[in-house]
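Quick notes on the structure that follows.
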Amino acid sequence: MDQRKHAQVVQRRARGVQRIATILDAAETVFAEVGYDEANTNRIAAQSGISPGSLYQFFSNKEEIAQALAARYTEELQQVYGSVFSVEAASLPFSTWLDQIIDALLAFHFAHPAFHILLSIPAPSVQFASLADALPKE
């Protein structure tokens, strides 16, 4: 593959990654505003400023979008837990460490209003197991 074609492929992939991020941001907004049951791909597409057809190039349905959003949350929660439960953090005075944990979890909660909506879906399917597994058990 010549360099020009390679650059085009890289650029196309970057646009695809950005489009997926935009769709997930829009889905988070829609889930937070109307709930999971009332959300649909048309609302998510409208919120993201794309046509439903463009959305379907990346996701087949609302469930796939929710699954990708749950994966994003899982990754971010793992980063949060990794920082607040690190060896360095554990060496802090207890009250300082506790404040850092609470601050980090509150920041996550307020930054992601759809998080608890996805967790509260009755009889969640396997797709949300990774999200539930990312939460501490104790």
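The values are calculated or read from the model by the stated rules, or taken from the named source; none is laboratory data. Owing to the predicted nature of the structure, the values given are computational and were not obtained by experimental measurement. Glycine gets a Cβ as well: all are built from the backbone with ideal geometry, and neighbour counts include every protein chain shown.
Please verify whether region 70-82 includes one or more residues that are under 26 Å from LEU55 (Cα atoms), surrounded by fewer than 16 Cβ atoms within 10 Å (Cβ to Cβ) and touching a residue at least 60 places away in the same chain (Cβ under 8 Å).
no
Evaluate region 120-137: report whether one residue or more is assigned to a helix (DSSP H, G or I), under 13 Å from the mean Cα position of the chain (by Cα), modelled with pLDDT of 85 or more and within 30 Å of THR41 (Cα to Cα).
no
Name the residue, out of PHE31, PHE59, that is part of a loop (DSSP other than H, G, I, E, B) and at pLDDT 95 or above.
PHE59 is the lone residue from the list that is part of a loop (DSSP other than H, G, I, E, B) and at pLDDT 95 or above.
(1) in contact with a Leu (Cβ under 9 Å, 6 or more places away or on another chain); (2) surrounded by 18 or more Cβ atoms within 10 Å (Cβ to Cβ): which one isn't true of GLN47, the others all being true?
(1)
Name every residue in region 75-114 that is assigned to a loop (DSSP other than H, G, I, E, B) and over 30 Å from ASP37 (Cα atoms), in order of residue number.
Those that are assigned to a loop (DSSP other than H, G, I, E, B) and over 30 Å from ASP37 (Cα atoms): PHE85, SER86, SER91, LEU92, PRO93.
Can you work out which of the residues in region 34-56 that are among the aliphatic types (A, V, I, L, M) and in a loop (DSSP other than H, G, I, E, B) is farthest from PHE110 (Cα to Cα)?
Residue satisfying both the conditions and the ranking: ILE50.
In region 83-117, how many are surrounded by fewer than 12 Cβ atoms within 10 Å (Cβ to Cβ), closer than 20 Å to PHE31 by Cα and of a type outside the set (A, V, I, L, M)?
Qualifying residue count, region 83-117: 3.
For ALA89, are the conditions met, namely being at pLDDT below 95 and more than 28 Å from ARG15 (Cβ to Cβ)?
Yes; evaluated as a whole, the condition is true for this residue.
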